[in-house]
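Here is the structure we will look at.
Every read-out reported here was derived from the displayed coordinates using simple, explicitly stated rules and does not represent laboratory data. Predicted model only: the values in this text are computed from it and were never measured. Counting neighbours? That spans all protein chains shown, and the Cβs are built from the backbone with ideal geometry, glycine included.
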Amino acid sequence: MDRSEDYTLNFEAVKTSFRQTKDGYHLTMVIHPSDVPKELFSSWVGTRYQCSIVQLNDENEPVKLEASVEADAIVQQAGMLCRSNRFQNWIKEFSGVDPTGPDEWGDNEEEYAARLLRRVCKIDSRSELRTDTEAQLIFSALYHAFSATIENGKDKLPW
């Protein structure tokens with residue numbers, strides 16, 4: 001199997017301009033002369049490239065995209081909620097499970113809440129909340145309904 005290094009040009013560049021024309025968007029980047037790959041010198045103007053860029057912070061570490069940070073926060077929030085006793089009781093009632101009945105999944109209330117959350121969000125794993133936009137919307141509505149219940153000072157559904 002070929003290695004990715006056999007196909008990629010690696011260099012650091014600085015964005016200096018970005019504009020729109022009738023043909024599309026023009027991104028201008030400046031590459032330090034010692035960082036320019038020699039292959040760029042020999043390729044013709046008009047040569048097509050598949051680009052993938054990573055923003056770097058002042059310590060030369062990659063910066064996570066805002067959407068990725070938000071998605072990670074949703075997954076983390078789902079995990080924290082499932083550890084909350086109030087949420088565990090609330091989601092049983094919300095999902096229509098008899099909160100006083102036997103737990104078919106054992107005595108682990110956190111795992112029970114996680115299973116109910118996954119069922120309501122129509123996912124197999126909470127990590128799917130990172131990429132499944134429908135599940136994110138369902139989770140957001142679920143979270144807001146739970147928050148409204150807490151704000152109302154009662155552990156009953158608001159409807």
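Quick notes on this one:
- Charged neighbours of Asp124, selected by a Cβ distance under 11 Å, balance to +3 (K, R count +1; D, E count -1).
- Added length on full extension, which subtracts the Cα-Cα distance from 0.36 nm per residue, Lys15 to Ser84: 20.3 nm
- Helix 109-121 vs. the chain, principal-axis angle (Cα, 0 to 90°, nearest 10): 60 degrees
- Think of it as helices only: each DSSP H run of n ≥ 4 in the chain is worth -39500 (n - 2.57), and spread over all residues that comes to -13000 deg cm²/dmol at 222 nm.
- Three principal axis extents of the chain based on alpha-carbon atoms, in descending order, are 73, 39, 33 Å.
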